[in-house]
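The values are calculated or read from the model by the stated rules, or taken from the named source; none is laboratory data. These numbers were taken from a predicted model, which means no experiment stands behind them. Cβ: placed from backbone, ideal geometry, glycine included. Neighbour counts: every protein chain shown.
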Amino acid sequence: MMSTPVRTESDSFGTLEIPADKYYGAQTARSLINFPIGGETMPLPLVHALGVIKQAAARVNRDQGKLAPDLADAIDRAAGEVAAGNFDSDFPLVVWQTGSGTQTNMNANEVIANRAIEILGGEIGTKSPVHPNDHCNMSQSSNDTFPTAMHIAAAREIHHRLLPALKHLKTALAAKSAEWKDIVKIGRTHTQDATPLTLGQEFGGYAAQLEMSIKRVTEASDGLYDLAQGGTAVGTGLNTKTGFAESFAAEVAKITGLPFRTAPNKFEALAAHDAYVYAHGALNTVAVFGNQTTMSVAGSQGHFELNVYKPVMACNMLQSIRLMADASVSFTDRCVAGIKANEDNITALMERSLMLVTALAPAIGYDKATQIAKTAHKNGTSLREEALKLGYVTEDEFDRLVRPEKMIGPN
């Protein structure tokens, strides 16, 4: 049996053997050893967001004179490939790691450094001429990089995946509302018959609910455009040049096409994730409520300068977005779009509903209308039969008053 080719890399704890075909390095390999917990790997949108971060940081560091142009360009290219998903298989780490997300940040630094070395004609694993810490992590800390990745990933997924899916569902519901505007049915409240409405009105309510949900998600996700990057370890911006945070956010906005901006207070951006919890609350309102408890508890764990529940928050947020988006598209295409109204059954249910007696109440009074309904229910007869038998209305009066199609709006 042939052994898998390996190379040797080192970190501050010593040396480790790395599969020769992998671009990650010693810190990633060590995390695989130390955290064999569960099987939920870090969501790929977050990995891709880290690629965007390393791209933007390399460009700003180059422009500020901190990073040599040839190294910056190689890192920019390598990070762009990570952002595009070309190296997804080189990100094997699970969500269940240290709460700052340091291992995943270093996973990105190692992959990008080794790819940049390869681009420059060097040997993977040598940390020369590109070093994962000195160059790929320049002007950064895991403490500001990971929350920045959380925001970029969530904002992009909401913008590109969730909102289009919700709009797709809303459009289908609105189309059904228009198609069924003239089909009158009996309403249902407390799972009991109520007064009539049209099937179109019913589906119009669903469409309006989606419209409001889209508005809420859009408004609640605005806080995700605030980026922690530039705060470094505790929010002070140590080891960055003046203007790095602002230039970085502008570069991310340029790369993604979304209105990212630097967070007004980096201490808050590192220690609290209120914007994240708030945005997830809007998702909770739409449909996904299973993850909200975890998000609320994790969001409350701001220990002094750093919240250390970042990976699980990122995982739950991105899972909620994907579940809701996928379910919306699937439900629309496999159910809503093909729904047909069973008009015969709708009419039959409506005509035998005792709640149509509501139309008689303004003419004969509540007590008499109630007596008609109760008697019809007791005898298993129709409203018409009992109303005529009790002598409260004539046939012509009943037919004029009890017209479901006239009961679907103000009169």
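The set of residues in the stretch 365-399 that are farther than 17 Å from MET350 by Cα, of a type in the set (Phe, Trp, Tyr) and in contact (Cβ under 8 Å) with a residue 12 or more places away in the chain contains only TYR392. Quick check on the stretch 400-411: of everything there that is assigned to a helix (DSSP H, G or I) and touching a residue at least 60 places away in the same chain (Cβ under 8 Å), which residue is nearest to ARG352 (Cα to Cα)? Restricting to residues being assigned to a helix (DSSP H, G or I) and touching a residue at least 60 places away in the same chain (Cβ under 8 Å), the top hit is PRO404.
Against the condition farther than 12 Å from MET150 by Cα and not small (Gly, Ala, Ser), how does ASN316 come out, does it pass? Taking the combined requirement at face value, the residue does not satisfy it.
For ARG59, are the conditions met, namely being in contact with a helix residue (DSSP H, G or I) (Cβ under 8 Å, 6 or more places away or on another chain), of a type in the set (D, E, K, R) and not in a loop (DSSP other than H, G, I, E, B)? Taking the combined requirement at face value, the residue satisfies it. Taking the listed residues THR28, THR104, the one that is surrounded by 23 or more Cβ atoms within 10 Å (Cβ to Cβ) and either small (Gly, Ala, Ser) or touching an Asp or Glu at 6+ places or on another chain (Cβ under 9 Å) (or both) is THR28, with no other qualifying.
Quick check on LYS181: is it in the same structural domain as ASN239 (by TED's automatic domain parsing), buried (at least 16 other Cβ atoms within 10 Å of the Cβ), modelled with pLDDT of 95 or more and touching a helix residue (DSSP H, G or I) at 6+ places or on another chain (Cβ under 6 Å)? In short, no. Going by the structure shown, is LYS215 at pLDDT 95 or above and outside any helix (DSSP H, G or I)? Judged against the criteria, LYS215 is not a match. Here the condition is being out of contact with any Lys or Arg (no Cβ under 7 Å at 6 or more places or on another chain) and within 30 Å of MET138 (Cα to Cα); of THR240, THR195, it holds for THR240 alone.
Consider VAL393 carefully, then state whether it is outside the structural domain of TYR206 (by TED's automatic domain parsing) and not in a helix (DSSP H, G or I). Criteria met by VAL393.
Among the residues of this structure, LYS66 counts as one that is under 27 Å from PHE248 (Cβ atoms) and out of contact with any helix residue (DSSP H, G or I) (no Cβ under 8 Å at 6 or more places or on another chain).
With respect to the conditions (1) touching a residue at least 60 places away in the same chain (Cβ under 8 Å); (2) out of contact with any strand residue (DSSP E or B) (no Cβ under 8 Å at 6 or more places or on another chain); (3) among the hydroxyl-bearing types (Ser, Thr, Tyr), SER3 falls short on a single one, namely (1).
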